[in-house]
Amino acid sequence: MAALLASAQARAAEYEAQHGDSSGDDDNDDESEIEGFAQGGSKDTSRKSFDKMFKQVVDSADVVLYVLDARDPNGTRSREVERQIMSMDGGEKRLILVLNKIDLVPPPVLKGWLTYLKRFFPTLPLKASNGAPNAQSFDHKSLTAQGTSQALLSALKSFAHSKQLKRSVTVGVIGYPNVGKSSVINALTGRLGGSQASCPTGAEAGVTTSLREVKLDKKLKILDSPGIVFPSTEGVKGPKADQQARLVLLNAVPPKQINDPIAAVSLLLRRFSTSQTLFQKLLDVYGIPPLANLAIADLTKNFLIEVARKRGRLGKGGVPNLDSAAVAVIMDWRDGRIQGWIDPPVVTSAAKEGIQTASGAAETDQKEIVSQWMEEFKLDGLMEDDGGSQEVVMED
């Protein structure tokens, strides 16, 4: 046992020397969080405060950039928020979906999500930052950080020019905590030669805690808001523990506020168990041999025992600390060291049949609106080969 403990501690020291302490919050990703999580305030009070701030952003905005995580776009999307925006100002507000963190999904998955989302609103892929160290990423060839941010900026400038307003066009940025809203703003200001850090970013939710205004140029200004876990998001039904675990996997809960990290890892394993390829990649991250075909509770326990041994997450007497191991897995998932994504819904061949969702319901697209807005933002024909059949290249 002493030898096992020494070996585990050596592995932990070696890993942290290479990757840094996974429990830290200095990684360069993003973003923000509900005030109750970020600052320890009353959840009821903070919810009202942040909802008020969200309403202020949307009320002020001519264009709303809705930032989604490419690994789970529908999980970070609220139809209720979209309906609210569409109903304001007589339908004069414009909404663009920004699919961020595209380097964490393979090209076919990215293309599928773009095809699906473009049936509802203009959608642009974006690589707003270079991600965390040692993230397992995909090379989308022409979809670089510079190229995608320039495409988004050009679209906004085209809209501002077409409106010919005497005032600046205001762009509001909304989205879940940690989807990369501040990184999106920094990417836009960087294209204009401004500061690369106009908005602070960080991998832990809770970085943006107040409303910020950033001037892009004479015709454009942008509002950054704290991240909010919006209501009516697809897939939120189920036991309360599963809903909380889902928020953890969406990076919407700061690590220190995670009450049950094991439940989040269990949900991650349930998702990965449907794909032999992704499950094997997960085991490879930790150098774990194949695990027996077990019930999810036993599978989660055995997996975390192996992770604890590999990462030196052990308590007194060398007993594996499953909670600590689970937090390590969550941090690896957050930073992109673990590959995983949600496949896009199937788009039927006949447009009139609508879009078939995972729940079996058909959704009606908005082709006329999308077509009109694409013209206003000069998006027609822009990046038609969004991650199409390009070769997948892994970056270590």
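The values are calculated or read from the model by the stated rules, or taken from the named source; none is laboratory data. Being a predicted model, the structure only gives us computed values, none of them experimental. Reconstructed Cβ throughout: ideal geometry from the backbone, glycine too, with neighbour counts over all protein chains shown.
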### Single condition S266 does not satisfy, out of (1) over 30 Å from N130 (Cβ atoms); (2) at pLDDT 90 or above; (3) more than 26 Å from the chain's Cα centre (by Cα); (4) part of a helix (DSSP H, G or I)
(3)
#### Entry: Restricting the range 269-304 to residues that are touching a Gly at 6+ places or on another chain (Cβ under 9 Å) and either part of a helix (DSSP H, G or I) or β-branched (V, I, T) (or both), the residue that is nearest to R77 (Cα to Cα)
R271
### Task
Taking I342 as the residue in question, decide whether it is modelled with pLDDT of 80 or more and in a loop (DSSP other than H, G, I, E, B).
yes
### Query
Do we have R71 as in contact with a Leu (Cβ under 6 Å, 6 or more places away or on another chain) and more than 16 Å from V173 (Cα to Cα) here?
yes
### Query
Going through the range 63-85 one residue at a time, which ones are closer than 21 Å to V214 by Cα and surrounded by fewer than 21 Cβ atoms within 10 Å (Cβ to Cβ)?
none
### Hey, Q366 under 25 Å from P106 (Cα atoms), modelled with pLDDT under 90 and in the same structural domain as S149 (by TED's automatic domain parsing) or not
no
### Message
Of everything in the range 173-190, what is part of a helix (DSSP H, G or I) and modelled with pLDDT under 85? Give them in sequence order.
### Response
S182, T189, G190
#### Entry: Complete set of residues in the range 274-301 that are surrounded by 14 or more Cβ atoms within 10 Å (Cβ to Cβ) and either farther than 16 Å from L249 by Cα or not β-branched (V, I, T) (or both)
S275, L278, F279, K281, L282, L283, V285, Y286, I288, L291, L299, K301
## Note on the structure
Taking the range 241-259 and the residues there that are within 16 Å of I296 (Cα to Cα) and more than 17 Å from the chain's Cα centre (by Cα), the one that is surrounded by the fewest Cβ atoms within 10 Å (Cβ to Cβ) would be A241
### Query
Under the condition of being hydrophobic (A, V, I, L, M, F, W, C) and in contact with a Lys or Arg (Cβ under 8 Å, 6 or more places away or on another chain), which residue from the range 102-125 is surrounded by the most Cβ atoms within 10 Å (Cβ to Cβ)?
V105
